[in-house]
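Here the structure comes first, spelled out in C-alpha cells, and everything after it is commentary.
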2 protein chains.
Amino acid sequence: MCQLLGMNCNTPTDIVFSFEGFRRRGGLTDEHADGWGIAFFEDDGCRVFLDYLPSATSPVAELVRNYPIKSRNVIAHIRKATQGKVSLANTHPFRRELWGQDWLFAHNGNLSLPESFACTQGCRFQRVGTTDSEQAFCWLLNQLAARFARAPELAELTDAVRELTAELAGHGTFNFLLSNGKALFAHCATNLYYIVRKAPFNTAHLSDADVTVDFSQVTTPNDRVAVIATQPLTDNEQWTRMGAGELLVFTEGRLAS
Amino acid sequence: MCQLLGMNCNTPTDIVFSFEGFRRRGGLTDEHADGWGIAFFEDDGCRVFLDYLPSATSPVAELVRNYPIKSRNVIAHIRKATQGKVSLANTHPFRRELWGQDWLFAHNGNLSLPESFACTQGCRFQRVGTTDSEQAFCWLLNQLAARFARAPELAELTDAVRELTAELAGHGTFNFLLSNGKALFAHCATNLYYIVRKAPFNTAHLSDADVTVDFSQVTTPNDRVAVIATQPLTDNEQWTRMGAGELLVFTEGRLAS
C-alpha cells in the first residue's frame, strides 16, 4: 500500500510543513520506500517531481523541501509497490491532458481490473507503465472524454466521477486523489483523513517529526487550506476520517459537496 | 527566440556537462531568461523539470546540475518569450501520451498558425497554455493519432512526422526537438547543430564556461552519444550545422535517417 497527500487552497500556499512529515514515511518513519512523487498546479500549468529513490533520502525531495512552491492544488504520493516494478513509469502522480486541462491522479490500494477496463489499441488514454492505478486513471479519463466534449460544470463532473469511481471501486481497494487544478476529488475506500484550516489559525505539530508551525504567522484571515492524507499528519489537530466509499470534492479550500 | 538542447544515446548517460554550458545561456551568457525545462526519459517513463525562473539561477536547475540523472533521451529548452506570458503552462518541453508512450516536444522559433491548426472542442490533444509551440505539438499528435491506431514502425513514423512538419514549417520558424523515448527527431529551420561522440573519445571544453571533460574517462568503447543544440556547446569539437528544412532522426546515439 501507499500513502497519499493532497492540498486544496483558496490562495497559493506552500506545502513544506505537511511534506516534511509526509516524506519521512517514505523509508524513515514508515516503509513506503519504492519511489514517490509530488505535483503542483500553478495557475493553469502544473509540474510533477518524481523519483524512484525513497522520499526520505531523495535529492528531489530535498529540493521540494527547500523550494517553497506556492500552489492551490497539490497531490503527493509515496509508494510501496504492489503491482508493477519500481520505475519512473510506475510512479504516481500520473498526468494526462483532457479538455485542455492537466489532470493528476494518485492511488493508494490495489485493484484487480477485468479485461474490459484495459485500454490498448485505439484508446485515447493508455497507460505507459504497468500499474493497476494508471490503468484505472486512463479508464476514468476515457469515460469522461466519451461523455463530455468539453469540460462540464463541476456538479455534472462530480456526478460522473462519482459514478465511474463506484465502478472501479468494486474491483479492489481504491483510495485516490484526483485534480484538474480547480477541484480536488478525494475518494476513500479504507483510509483517508482531511482537515480544513481557516481563521483563527493555530499552531500545529507534526506526528512524524518534532516540527511545529504557527499558521497564524504565515496566513491571512481569508485563507482556507484543506489537507487530505492517508493518515493524519499532525498530532494536535482534529482530522476528519472519511467513510468507506465516500467521495469528497474540495474547491477554494472548502468542501464543495 | 529560445534555445534547444537534445541528447540521444545508446546507453544511459548523464547530461551534466552539456547542461552546465546550456543553462548559463538562460540569463548569464545569453538572454533566454523566461523560464526553462528539461525532460529525461528513463526506461519507459519520463520526468520533466520546469521552472519559470532563469536557468542560470533556478533552484531546479541547481538540482539537475547536482543530480546526474542517466537517460537515453533528453530534451531541454530555455525560453525567451515571443508568444504567451511567462508561466508554467507555457514552459517547454511539453508532454503528452500517445499509444501508451510519453511524447516530449520543445520548439525554438515563432509560428503564426491559421485557424485550421487550432484545436478546441472535441479535439484529442489541446493546448493547456497559450503558445504557438504547444498548439503545433498538439496538432502534430492529433494528426499522428488519426493516422495510426498504434505506434507504427520508425520508418513509417518518420515519414509522417516529416510530412506534418513541412505543413507546420510553412507558417513560421520551426526548429524543434521531439521524442517518444526511443527516437529523437530534430528539425532545423534556422539554427540547429549536432555532434555524435563515439570512441575514441576526446576532451571537450565548454563555450559558455571554463569547464573541460575528458569523455574517455567516463565512457566505454561502445558508447554513442548524439547531442543537438541551437548553438554548439563546445569550442574545440566539430559540430555539424543542419540545413534549413532538414529533419534528422537519432536512435541509439546515431543518425537513423
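The values are calculated or read from the model by the stated rules, or taken from the named source; none is laboratory data. Computed from a predicted model, the values in this text were never measured in an experiment. When we count neighbours, we look across all protein chains shown, and the Cβ atoms used for this are built from the backbone with ideal geometry, even at glycine. Each accessible area value is taken on the protein alone, full model and side chains, heavy atoms only, with ligands, DNA and RNA left out. Shrake-Rupley method; radii C 1.70, N 1.55, O 1.52, S 1.80 Å.
Only lysines eight or more places from residue B:70 in sequence, or on another chain, were considered; those with a Cα closer than 26 Å are A:80, A:85, B:182, B:198. Calculate I(q)/I(0) for the protein assembly as shown by the Debye formula, one identical point scatterer on each C-alpha and no solvent, and give its log10 at q = 0.09 Å⁻¹ to two decimals. Evaluating at q = 0.09 Å⁻¹ gives log10 I(q)/I(0) of -0.62. Computed about the Cα centre, the dipole magnitude for segment A:3-255 is approximately 240 debye when only Lys and Arg (+1) and Asp and Glu (-1) carry charge, each at its Cβ. The listed residues A:214, A:51, B:43 rank as B:43, A:214, A:51 when sorted by accessible area, largest first, using a 1.4 Å probe. So which cysteines of chain A have no other cysteine's Cβ under 4.7 Å from theirs? A:2, A:9, A:46, A:138, A:188, each lacking another Cys Cβ under 4.7 Å.
Can you bin segment A:67-114 into rounded, prolate or oblate? Criterion: square roots of the alpha carbon gyration tensor eigenvalues sorted a ≥ b ≥ c, rounded for a/c under 1.5, prolate for a/b above b/c, oblate for the rest. Verdict is oblate for segment A:67-114.
Any chance you could list the semi-axes, whole Å, largest first, of the equivalent ellipsoid that the Cα gyration tensor gives for segment B:53-181, using √(5λ)?
They are 25, 19, 13 Å, listed from largest to smallest.
Segment B:50-84 and segment B:108-127 have Cα centres spaced 25 Å apart. Each Lys and Arg adds +1 at its Cβ and each Asp and Glu adds -1 at its Cβ; summed about the Cα centre, the protein assembly as shown shows a dipole of about 320 debye.
Each chain gives up part of its surface: B and A jointly bury about 3000 Å² of accessible area, both sides summed, for a 1.4 Å probe. Extent along the principal axes, Cα only, for chain B: 52, 38, 32 Å, with the longest axis given first. Taking amide hydrogens as placed 1.01 Å from N in the peptide plane, the amide H of residue B:100 sits under 5 Å from those of A:126, each at least 5 positions away in sequence or on another chain.
Could you please state how large a percent of the accessible area of segment A:110-179 is carbon and sulfur, counting protein chains only and using a 1.4 Å probe? C and S fraction of accessible area: 46 percent.
Relative to the longest principal axis of the Cα atoms of chain B, helix B:154-169 runs at roughly 70 degrees.
Less than 5 angstrom separates the built amide H of residue A:234 from those of A:207, all sequence-distant by 5 or more or on a different chain.
Of A:116, A:179, which has the most accessible area with a 1.4 Å probe, and how do the rest follow in descending order?
My answer, sorted largest first, is A:116, A:179.
Distances between placed amide hydrogens fall under 5 Å for residue B:81 paired with B:34, all partners being 5 or more residues away or on another chain. Gain on full extension, evaluated as 0.36 nm per residue between residue A:163 and residue A:214 minus their Cα-Cα distance, stands at 14.4 nm.
Placing a label point 7 Å from the Cα of residue B:156 along the Cα-to-Cβ direction, the distances to the matching points in the other copies come to 3.8 nm, shortest first.
The mean accessible area for residues of segment A:3-255, using a 1.4 Å probe and ignoring ligands and nucleic acids, is 37 Å² per residue. In the context of the full protein assembly, residue B:16 retains an accessible surface of approximately 40 Å², using a probe radius of 1.4 Å and ignoring ligands and nucleic acids.
For the rotation that carries chain A onto chain B, the axis lies closest to a Cβ at A:63, 2, where the number is the distance in whole Å.
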